[in-house]
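Written out below as structure tokens is the structure these notes cover.
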Amino acid sequence: MSQLRMMPYSLLLVLAVACTPDGGPPQTTGNTIWFTGARLIVGDGTAPIENSAFLVEGDRFTWVGRQGEREPPAGSVQVDLTGKTVIPGLIDAHNHIGLTNVKDGTSSKDNYTRENLIDHLQRFAYHGVAASMSLGLEFDEELAFRMRDEVIPNAALFLTSGRGIAATPIAGPTSEYRLGIPRGAMTEAEGRAAVQDLHVNEVDLVKIWVDDRGGRVPKLQPNVYRAIIDEAHENGMRVAAHLGTTSALADAKDLLRAGVDGFAHTVRDRGIDDQYMALVRRYPKVWTIPNLPGSPVTADDLRWLSATLPPAEIERLRDHLERLPDWIERLGDQIETIEATGNPQFRLQCRNLARNQEAGMIIGTGTDSGTSVAWTVHTELRDMVSCGLSPMQAIVAATRTSAEILGLDRLGMVAPVKSADFVVLDANPLNDITNTRLISRVYLRGEEVDREALRAGFMDGVK
């Protein structure tokens, strides 16, 4: 962990000001943009900065404060964001992109191409997502590693854990187009060899599936995942575990004892108990990305999505909406409200998310999505708030915390030395978390994303 990452935001501000001669306007070189007037949600959970000002120089923030505390640098471009709210670029810490063609609705290994991956990364950028972690399902691993961390115009940063590890290559996800992608490990030696293979390719986060899919596939055994975790830690790597829907609580407890670094799902087979809570408190650095089972889209969602999704996908989502109870409209921001809804899996995971939070577990944000690309980050935020998180807590989970989970020192906050990735909103998400969808502009690495051109490209050739 870098020294800058460990510094509190207030100290970073002091350092940025200290670098300004005589306390005058920031001295800059190269292209600079001076933004003023917005309500600024920094990303660390502190109160918003009203009537903010911040300076972007090249691809970095170099000063952040309130309007009037500094004068804009001579020659800088000045952008007035009065009436807007700014949040850091969002981060999806768990998804599976590249296998679905959004335009034609197909899901296939044949879709895993550079062109399709870029389409997905551009969809993330359009929706205000600065970085996307594809966790464990890279059909063409060589392509994924070539694209990792590549700077692509108008596109989110692509992160990958490579091909994850299950008991066998067919013991991961059961969808036909995903079968055979994971590495298999039935023995400790095979588990260690798989980790070594990933280490050679500079993978930081190893994905494992601890799931027998209801008895249909072999399950990664405790001695094997212990060997995987041990081998990973010896090589400076971390391990994230997928939990199944049967025996997940027992597996989670054993994985905690085995030294797992994080969970790619919350426990979803039964309610978290006191023993689990005690283990979470014993291992406070372990994190979870809840991946809630999700609420159905609303009519308002469909209007929002019609600008970027093909009509066939909108009709599929509309059909899904019409077949499910209209329960999402009644959701409040308290667990008691959710008890009245008709989705028992959602209620269970809401309770477990609340208990994780009570135990002090680190909570990030990820969608586990692949067939629906990018926009689901916003519905996940809505669901997290529906489960009892405050809008501010959800935003922190999707920015600073997810950046920390993925080891992205340069992302996750609007602060000096951080990458200038931020989203300009037309309304305040602290009043209503669904306002994260009301995007006015997106900036990645200091450059404004051409959302109009992206939108036209998404719909080009769509019937």
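Summary of computed values
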quantity: Condition met for Ala420 (buried (at least 19 other Cβ atoms within 10 Å of the Cβ), touching a Lys or Arg at 6+ places or on another chain (Cβ under 8 Å) and under 29 Å from Val203 (Cα atoms)); calculated: yes
quantity: All positions within the range 396-409 that are under 26 Å from Trp34 (Cβ atoms) and free of Cβ contacts under 8 Å to residues at least 60 places away in the same chain; calculated: none
quantity: Yes/no for Gly75 being crowded, with 23+ Cβ neighbours inside 10 Å, outside any strand (DSSP E or B) and not aromatic (Phe, Trp, Tyr); calculated: no
quantity: 1 or more residues within 14 Å of Ile41 (Cα to Cα): qualifying helices (runs of 4 or more DSSP H) within the range 358-463; calculated: 391-396
quantity: Matching residues, the range 232-258, being of a type in the set (D, E, K, R), farther than 21 Å from Asn352 by Cα and in contact with a strand residue (DSSP E or B) (Cβ under 9 Å, 6 or more places away or on another chain); calculated: Arg238
quantity: Selected residue (criterion: surrounded by the fewest Cβ atoms within 10 Å (Cβ to Cβ)) from residues of the range 101-153 that are among the charged types (D, E, K, R) and in a loop (DSSP other than H, G, I, E, B); calculated: Asp149
quantity: Selection within the range 154-185 - surrounded by fewer than 19 Cβ atoms within 10 Å (Cβ to Cβ) and on the phi > 0 side of the Ramachandran plot; calculated: Gly180
quantity: Residue list for the range 120-134, restricted to those being under 15 Å from Ser369 (Cα atoms) and not small (Gly, Ala, Ser); calculated: His120, Leu121, Arg123, Phe124, His127, Val129, Met133
quantity: Counted residues, the range 43-61 - those being over 18 Å from Val442 (Cα atoms) and not in a loop (DSSP other than H, G, I, E, B); calculated: 1
quantity: Of all residues in the range 252-284 being free of Cβ contacts under 8 Å to residues at least 60 places away in the same chain and part of a loop (DSSP other than H, G, I, E, B), the one that is surrounded by the most Cβ atoms within 10 Å (Cβ to Cβ); calculated: Val260
quantity: Test: residue in the range 188-201 that is within 25 Å of Lys253 (Cα to Cα), assigned by TED's automatic domain parsing to the domain that holds Asn291 and in a loop (DSSP other than H, G, I, E, B); calculated: no
quantity: Matching option when the condition is surrounded by 12 or more Cβ atoms within 10 Å (Cβ to Cβ), under 22 Å from Val102 (Cβ atoms) and of a type in the set (S, T, N, Q), among Thr288, Thr298; calculated: Thr298
quantity: Matching residues in the range 202-244 - criterion: being in contact with a helix residue (DSSP H, G or I) (Cβ under 9 Å, 6 or more places away or on another chain), buried (at least 23 other Cβ atoms within 10 Å of the Cβ) and either of a type in the set (D, E, K, R) or closer than 14 Å to Ala167 by Cβ (or both); calculated: Ile208, Val210, Asp211, Leu220, Val224, Tyr225, Ile228, Ala241
quantity: Qualifying position, being in contact with a Pro (Cβ under 8 Å, 6 or more places away or on another chain) and at pLDDT below 95, among Thr20, Thr29; calculated: Thr20
quantity: Test: residue in the range 80-95 that is buried (at least 20 other Cβ atoms within 10 Å of the Cβ) and either aromatic (Phe, Trp, Tyr) or more than 26 Å from Val42 (Cβ to Cβ) (or both); calculated: no
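Each row is one residue, and each column tells you yes or no for (1) out of contact with any Gly (no Cβ under 6 Å at 6 or more places or on another chain); (2) touching a residue at least 40 places away in the same chain (Cβ under 8 Å); (3) farther than 30 Å from Trp34 by Cβ; (4) outside the structural domain of Val449 (by TED's automatic domain parsing).
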residue: Arg66; (1), (2), (3), (4): yes, no, no, no
residue: Gly75; (1), (2), (3), (4): yes, yes, no, no
residue: Gly98; (1), (2), (3), (4): yes, yes, yes, yes
residue: Ser107; (1), (2), (3), (4): yes, yes, yes, yes
residue: Phe124; (1), (2), (3), (4): yes, yes, no, yes
residue: Val129; (1), (2), (3), (4): yes, yes, no, yes
residue: Met133; (1), (2), (3), (4): yes, yes, yes, yes
residue: Arg148; (1), (2), (3), (4): yes, no, yes, yes
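The values are calculated or read from the model by the stated rules, or taken from the named source; none is laboratory data. Keep in mind that what you see is a predicted model, and the values were worked out from it rather than measured. As a convention, Cβ positions derive from the backbone with ideal geometry for all residues, glycine included, and neighbour counts pool all protein chains shown.
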